[in-house]
Amino acid sequence: MVPTRRALLGASLALPAMAQGLTEAQRAEVLALLRRALAEDPSILRDALAAMDSADQSAAAETQRRAIRAQADALLRDAADPVRGNAGGAITIVEFFDARCGYCRAMHATLEEMLRRNRDVRLVLKDMPILGPNSVLASRALLAAQRQGRYLPLHDALMRLREEVNEAALRREAERLGLDWPRLRREMDEPAITRRIEANLALARALDIQGTPALVIGDSIIPGAMELAQLEAAIAAIR
């Protein structure tokens, strides 16, 4: 019987496992058959590689889903996290961001527009300072500002800033927003602020988030900035 193209594709994927149960002569026969088939139709190899890639992606997606379920409380239900949009919204999106990340700044306007258009979305903000000491400084300032009820205004200011986020810029923006700067600066260095940042970074590691921005939508983690249409399509998929 002449093997079908599907059988050859399956054989090419299963060959390493098959080889353990074959004699030397049988292995040679299978390899000769595959070489002849590939010479006649090279697309078999392309399809085999595509099938392997698809299987890898499916396995990675399942690993991601399990990680999100395992971290659901820290990810979705931490009462300390700042929230934008509808605090009681039926749909929750989590954004891991760095205040100095250019892509996060570009994404800020998109997220604002998404929230304006989708009144049932709750956006949880997770400070993830990974771009150096000034990123950590900015996260400390944001989390300290939360104690004065001004996290979101300062977050907006930093996302719109077009200069380096250093202490001078933080002081200027904080004072402009009516924050008590001496108190803010003192509380930025408190251990509780450090623990919150460390918890966010540990959560990102548990979810294998390696850069910013990263959005958790439903059971998926979407790395990088998105266009509004892509973002709303992802929301519609879980609505």
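Given labels modelled 7 Å from the Cα in the Cβ direction, how far is it in nm from Glu227 to Ala70?
3.6
Using the Karplus curve 6.51 cos²θ - 1.76 cosθ + 1.60 with θ = phi - 60°, what ³J(HN,Hα) values do you get for each residue of the stretch 196-207, in whole Hz, with x for Gly and Pro?
Residue by residue, the stretch 196-207 yields 5, 5, 4, 5, 5, 5, 5, 5, 4, 5, 4, 8 Hz.
When the Karplus curve 6.51 cos²θ - 1.76 cosθ + 1.60 is applied with θ = phi - 60°, which whole-Hz ³J(HN,Hα) does each residue of the stretch 65-71 get, with x for Gly and Pro?
Result, ordered by residue: 4, 5, 5, 5, 5, 5, 9 Hz.
Roughly how far apart, in whole Å, are the Cα centres of the stretch 144-174 and the stretch 87-143?
When both Cα centres are located, 13 Å separates them.
Out of residues 5 or more away from Ile93 or on other chains, whose amide H comes under 5 Å of its own, with H placed 1.01 Å from N in the peptide plane?
Correct list: Arg122, Leu123, Val124.
Once R0 is set to 22 Å, what does the formula 1/(1 + (r/R0)^6) return for the Cβ-Cβ distance between Ala80 and Leu152, expressed as a FRET efficiency to the nearest 0.05?
Between Ala80 and Leu152 the formula returns 0.95.
Could you give me the ³J(HN,Hα) list for the stretch 133-147, computed from phi with Karplus coefficients 6.51, -1.76, 1.60 and θ = phi - 60°, whole Hz, x at Gly and Pro?
Couplings: x, 5, 5, 5, 4, 5, 5, 4, 5, 4, 5, 6, 5, 4, 5 Hz.
Kindly rank 167-174, 212-219 from highest to lowest mean number of other beta carbons found within 10 Å of each residue.
Values: 167-174: 17.8, 212-219: 21.0.
Packing order, densest peptide first, comes out as 212-219, 167-174.
Using bins 10 angstrom wide from zero, how does P(r) for the chain break down, in % of all Cα pairs?
Answer for the chain: a P(r) of 7, 26, 25, 14, 11, 10, 6, 2, 0 percent.
Read the figures in this text as sums done on the coordinates, not as results from a lab. Since we're looking at a predicted model, the values are computed, not measured. Quick reminder, even Gly has a Cβ in these numbers, built from the backbone with ideal geometry, and neighbours come from all protein chains shown.
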